[in-house]
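Read through the structure below, which is laid out as structure tokens, and then see the notes.
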Amino acid sequence: METTHRIPNLDYVHLFQVVQNICADKSDLYEAFARMTFNVLYGKKDDHGKNFSFVYDETVNGYRLSPAYDLTKTIDKPEHEMTVMGNPNPAEQDLMNLAAYVGLGKRKTKIIVDKIKDKVLL
């Protein structure tokens, strides 16, 4: 996302703004939500802007989120590098608040949260 990873300076709202503006397939908004949810619930706090990129997809004649990468849990960081609605230590309610803020469906985002909770909170 063309920003430094050395100084925390992004909120997930910024990621959603980029996805809304450049992605050809708006289902990428839900994919971005799933990745944010994974990072928060799993404890992947090294979630800076360089962990998100985009690739041109000729099948949709536009950009898509690239495949996910750098998904290692970071136990030594006290806060997330990307905040969620300004919160550096977000909880599930912050995820849902952001989803509502960017216009994602409550039912679908709740399914995503529950599915990821089932996987990472064993």
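The values are calculated or read from the model by the stated rules, or taken from the named source; none is laboratory data. Note that this is a predicted model, so its numbers are computed, not measured. For neighbour counting, all protein chains shown are included, and Cβ atoms are generated from backbone atoms with ideal geometry for every residue, glycine included.
Yes/no matrix, rows are residues, columns are (1) touching a residue at least 24 places away in the same chain (Cβ under 8 Å); (2) aromatic (Phe, Trp, Tyr); (3) surrounded by 12 or more Cβ atoms within 10 Å (Cβ to Cβ); (4) under 13 Å from ASP11 (Cα atoms):
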| residue | (1), (2), (3), (4) |
| --- | --- |
| LEU29 | yes, no, yes, no |
| LEU41 | yes, no, yes, no |
| TYR63 | yes, yes, yes, no |
| HIS80 | yes, no, yes, yes |
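Only one entry of ASP94, ASP46, ASP70 meets the criterion of being closer than 17 Å to LEU10 by Cβ, out of contact with any Lys or Arg (no Cβ under 7 Å at 6 or more places or on another chain), outside any strand (DSSP E or B) and at pLDDT below 95, and that entry is ASP70. Determine if region 2-14 includes at least one residue that is modelled with pLDDT of 95 or more, in contact with a Gly (Cβ under 9 Å, 6 or more places away or on another chain), exposed (fewer than 14 other Cβ atoms within 10 Å of the Cβ) and not aliphatic (A, V, I, L, M). No; the residues of region 2-14 include none that is modelled with pLDDT of 95 or more, in contact with a Gly (Cβ under 9 Å, 6 or more places away or on another chain), exposed (fewer than 14 other Cβ atoms within 10 Å of the Cβ) and not aliphatic (A, V, I, L, M).
When the test is whether a residue is within 12 Å of the chain's Cα centre (by Cα), outside any loop (DSSP other than H, G, I, E, B) and more than 15 Å from HIS14 (Cα to Cα), PHE33 does not pass it.
Note on region 97-108: among residues that are in contact (Cβ under 8 Å) with a residue 60 or more places away in the chain and not small (Gly, Ala, Ser), the one that is farthest from VAL13 (Cα to Cα) is LYS108.
Among the conditions (1) hydrophobic (A, V, I, L, M, F, W, C); (2) buried (at least 17 other Cβ atoms within 10 Å of the Cβ); (3) modelled with pLDDT under 95, VAL19 misses just one, which is (3).
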